[in-house]
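Colleague: One structure is given below, represented as structure tokens, and several questions about it will come after.
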Amino acid sequence: MRLVQRENPSPLYYAVAFLGSLATVVLIVFLLTGDLATAARSLTAFDVGYLLRVFVVVGVVSLAGVVSYRAGLWNIGQEGQAIIGALAAISSRSPAEAVASAALAAGGWVLIPAALRAVMNINEAVTTFLTSLAAVSVARYFVEGPLKDPAKRGFVVTLEAPHISLLYAATLLVGLLAFVVLLYRTRIGLTMRLLSAGEDVVKYAGGRPSLYILAALGLSGVFAGIGGALEIMTRDAGRYMTLQQVSTGFGLYGISAAWLGGLHPLGAVAASLYIAWLYVVAVNLKVAGLPALVANALVGTAMAWGLAGYTMYRYKLIWR
Amino acid sequence: MDGVDFEVDKGEVHGLLGENGAGKSTLIALLYGVYTPDGGEILLNGRRVVIKSPKHAASLGISLISQHFALVDTFTVKENLRLAGVDVKTAVKIGEEIGIEIPLEKYVWELTVGEKQRVEIVKALARNSEILLMDEPTALLGPREVKALLSVVRRLADMGKAVVFVTHKIREAVEVSDRITVLRRGRRVGVYERPFDEEVLLEAMFQGVVQRRASRGSSIGGVIYRAENLYGERVKRVNIELRRGELVVVLGVAGNGQEELMALLSGFRRPKSGKVFIDGEDVTGKPFHEFLRRGVAYLPEDRSRALAKELSVLDNFKIRCAKGCMEKLAEAKKILDIDFPSPHIKAAALSGGNQQKVLLARELWLREPYILVASYPTRGLDVDTTEKFYTLVRSVVKGGAVVSLEDVEEAVERADRIYVISRGEIVASFTPPFDVDEIAEAMTT
């Protein structure tokens, strides 16, 4: 069994992957609930506002995946960058300040792995993952220390982040999406994509590879940070962090959406809606008494299908 | 390959001699089952065989020792032998018989090219190969390793193996072979037996080649580009001059440092020492975009350095195109006869020749560079496209061009000046009228 590169890659396989994922989810939900009625209810019941909220957050984070993976860079630390973004939002007073400081803080945070990659060629997949773990510790430090809410005596929680309406958050997503689409039409965006073919190609095109590595990873971090900020700011209530609830899992969901969307900005955002629906289904299952980790499992299968779609798109399988 | 007869006996070293492009490698590929012949037949011990694949060839006792070693760098020699299904003790014993010591515990990445080659030879013998095809086995070796290899080859013949020894170096062929077959342009010129006459062999390899074009760069001007005492990883003491209107060829057998030299000359890589001047101005060590700005175009041997294969043809074109790219690409497509169904198709989907044409369109036709530095630009191109390339160079390159080639004929036909490169050094330079024998001699020493 081996993989052979296709001469003419076929985008049809992304549709196959999507249907495969859908079938897997329906099957899992049916197996878990055991009866058709509960399964149908879990798959169809949702609150539009809630779905939209998850969609916007996942959509923004998925763009973080797109700009990084399209440049051939493996930022898998969106979760950590989102946490840093959320912390920045908590320490801000207005929504605008929160978004701006989240972008700056997460962009700065990702510069550590980006610089290591650009200067010393250290694998960014390892370092973004490790800095993600570090982000959890950093967040816990802030929860217990500088950002602890003194008013809530007896409870270790942070101050509340400013609220942002869903409409503004959605507008921000559209803006960021338009930014990426337009960026890819410019010379800078083209050179960023050239990076996926190797640093030599960027150099050949007249660019400096290290600058483009910093730019692509930095932008990816900025998006993930904004995603993290939006996640905490769009909550109706409880816009704070606790020691137990530092990580939300939206980083992983964003990565899945990016792959499932064929690493195209529009595709990724479209796939984010699907991932958001999966998340809502998972919440429904939790309400029906199933473990909370089902959400991760469902999104995990979607991610596997997304990668399978990418593989089928580029390669064909030969059984000998 | 056109109606070639070839035979090798047990216990014989049969030299297969010819210029680049003579068809030596094609013949080897046919004997090893890489290609299947359009006509003719192969007899093994008098029985007709159809060799379907390299695996099949191996099962028939045929081994290929090529310049591409089938060894895993991060494994030790011992592990590699086991991986190949070879009994280590047998391998060591065989090694002793032919005077090869096998560094079992060394990692493959620690080995010299010669050592790797010897491991491959032992591997082939341990698999009971009766016929050893050696494709340019000395191409990457230093003089001492060449000597060692030649004596191993002689011993293989003494053991009763049949060895086909492919080379373009007359001296080596003469030293090691019992018989020599000379190929030229896909045909057999003749089979020669001991004692060999080097003059006769040389004549057979290059006969009738000395047809030169009447006209070439007619108005050659002053020096516009100069490389002085250039050193790199493999490149040593290189001095090259390029005049306005000139096409300079760096000629040599592949793998003698040409690729690095071209990268150094184009500014894509920085030299370890030495200087590069464009129009008298020192540009040594400047970043590549500075060379681009001064009108240098670089066509690397490794196309993946210049083309992002996962991106569309149009995106690749846009690397050097700012406005009206769609129209310009369509025009280039027509002029250079590039075959692609849509500008949005990935560059990877194009054939090698068409990828090269896209590069030519972008770097030459579109940019009209001042200086062109190109590594084997015509390799893999058909006659027609090769002609187009040279026409393009003469018509759009405003200053001059430095091109590395491996084919004497092509060089003599096209160049205004020829530098011969060997082991990273320029060993000779020639100006018209060219003497092919003299140039070929310089290439093979």
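Colleague: Quick check, is A:LEU147 hydrophobic (A, V, I, L, M, F, W, C), more than 14 Å from chain B (Cβ to nearest Cβ), over 27 Å from B:ARG270 (Cβ atoms) and in contact with a strand residue (DSSP E or B) (Cβ under 7 Å, 6 or more places away or on another chain)?
Modeller: Taking the combined requirement at face value, the residue satisfies it.
A quick yes/no check of all residues on (1) within 11 Å of another protein chain (Cβ to nearest Cβ); (2) over 21 Å from B:VAL396 (Cα atoms); (3) without any contact (Cβ under 8 Å) to a residue 12 or more places away in the chain:
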residue	(1), (2), (3)
B:PRO300	yes, no, no
B:PHE317	yes, no, no
B:CYS321	yes, no, no
B:GLU327	no, no, yes
B:GLN355	no, no, no
B:LEU360	no, no, no
B:ARG367	no, no, no
B:TYR376	no, no, no
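Here's the yes/no breakdown for (1) under 19 Å from A:LEU273 (Cα atoms); (2) more than 14 Å from every other protein chain (Cβ to nearest Cβ):
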{"residue": "A:LEU194", "(1), (2)": "no, no"}
{"residue": "A:LEU214", "(1), (2)": "no, yes"}
{"residue": "A:ALA224", "(1), (2)": "yes, yes"}
{"residue": "A:ASP236", "(1), (2)": "no, yes"}
{"residue": "A:PHE250", "(1), (2)": "yes, yes"}
{"residue": "A:ALA258", "(1), (2)": "yes, yes"}
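Colleague: When you check B:LEU230 against the structure, is it under 28 Å from the mean Cα position of the chain (by Cα), at pLDDT 90 or above and outside any strand (DSSP E or B), yes or no?
Modeller: no
Colleague: Looking at (1) more than 30 Å from B:GLY274 (Cβ to Cβ); (2) in contact with a strand residue (DSSP E or B) (Cβ under 7 Å, 6 or more places away or on another chain), which is the only condition B:LYS357 fails?
Modeller: Status for B:LYS357: all satisfied but (2).
Colleague: Pairs only if they're at least six apart or on different chains, beta carbon under 6 angstrom, first in the stretch B:88-107 and assigned by TED's automatic domain parsing to the domain that holds B:GLU120, second surrounded by fewer than 15 Cβ atoms within 10 Å (Cβ to Cβ); list them, first residue then second.
Modeller: B:ILE98/B:ARG155
Colleague: Run down A:THR248, A:THR171 and say which single residue is assigned to a loop (DSSP other than H, G, I, E, B) and either touching a strand residue (DSSP E or B) at 6+ places or on another chain (Cβ under 6 Å) or under 28 Å from A:TYR14 (Cβ atoms) (or both).
Modeller: Of the residues listed, the single one that is assigned to a loop (DSSP other than H, G, I, E, B) and either touching a strand residue (DSSP E or B) at 6+ places or on another chain (Cβ under 6 Å) or under 28 Å from A:TYR14 (Cβ atoms) (or both) is A:THR248.
Colleague: Which of the residues spanning the stretch B:344-353 are within 14 Å of chain A (Cβ to nearest Cβ) and without any contact (Cβ under 8 Å) to a residue 40 or more places away in the chain?
Modeller: B:HIS344, B:ILE345, B:LYS346, B:ALA348, B:ALA349, B:LEU350, B:SER351 - these are the residues of the stretch B:344-353 that are within 14 Å of chain A (Cβ to nearest Cβ) and without any contact (Cβ under 8 Å) to a residue 40 or more places away in the chain.
Colleague: Same structure again: Residue under question is A:VAL180, and the condition is that it be part of a helix (DSSP H, G or I), out of contact with any Cys (no Cβ under 6 Å at 6 or more places or on another chain) and either surrounded by fewer than 19 Cβ atoms within 10 Å (Cβ to Cβ) or within 14 Å of chain B (Cβ to nearest Cβ) (or both); does it hold?
Modeller: When the stated conditions are applied, A:VAL180 does not pass them.
Colleague: Sticking with this one: Any residue at all in the stretch B:249-265 that is over 25 Å from A:ARG208 (Cβ atoms) and either outside the structural domain of B:THR391 (by TED's automatic domain parsing) or more than 14 Å from the chain's Cα centre (by Cα) (or both)?
Modeller: yes
Colleague: Out of the residues in the stretch A:139-169 that are crowded, with 18+ Cβ neighbours inside 10 Å and under 19 Å from the mean Cα position of the chain (by Cα), which is modelled with the lowest pLDDT?
Modeller: Step by step, filter the stretch A:139-169, then rank; the result is A:ALA139.
Colleague: How many residues does the stretch B:31-83 hold that are polar (S, T, N, Q), closer than 27 Å to B:ASP2 by Cβ and modelled with pLDDT of 90 or more?
Modeller: Count: 2.
Colleague: Would you say B:ARG394 is farther than 22 Å from A:ALA205 by Cα, surrounded by 21 or more Cβ atoms within 10 Å (Cβ to Cβ) and not aliphatic (A, V, I, L, M)?
Modeller: For B:ARG394, the condition - farther than 22 Å from A:ALA205 by Cα, surrounded by 21 or more Cβ atoms within 10 Å (Cβ to Cβ) and not aliphatic (A, V, I, L, M) - is not met.
Colleague: With the checklist (1) at pLDDT 95 or above; (2) part of a loop (DSSP other than H, G, I, E, B) in hand, flag the one item B:GLU310 doesn't pass.
Modeller: (1)
Colleague: Still on this structure: Could you pull out the residue among B:VAL296, B:VAL283, B:VAL313 that is more than 26 Å from the chain's Cα centre (by Cα), more than 10 Å from chain A (Cβ to nearest Cβ) and closer than 24 Å to B:THR386 by Cα?
Modeller: Testing whether each residue is more than 26 Å from the chain's Cα centre (by Cα), more than 10 Å from chain A (Cβ to nearest Cβ) and closer than 24 Å to B:THR386 by Cα leaves just B:VAL313.
The rows are residues; the columns are (1) surrounded by fewer than 24 Cβ atoms within 10 Å (Cβ to Cβ); (2) without any contact (Cβ under 8 Å) to a residue 40 or more places away in the chain.
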{"site": "B:LEU132", "(1), (2)": "no, no"}
{"site": "B:ASP135", "(1), (2)": "yes, no"}
{"site": "B:LEU141", "(1), (2)": "yes, yes"}
{"site": "B:GLU145", "(1), (2)": "yes, yes"}
{"site": "B:LEU156", "(1), (2)": "yes, no"}
{"site": "B:MET159", "(1), (2)": "yes, no"}
{"site": "B:ALA162", "(1), (2)": "yes, no"}
{"site": "B:LYS169", "(1), (2)": "yes, no"}
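The values are calculated or read from the model by the stated rules, or taken from the named source; none is laboratory data. Not measured: the values here are computed from a predicted model. A quick note on method: Cβ atoms are made from the backbone with ideal geometry, for glycine too, and the neighbour counts reach across all protein chains shown.
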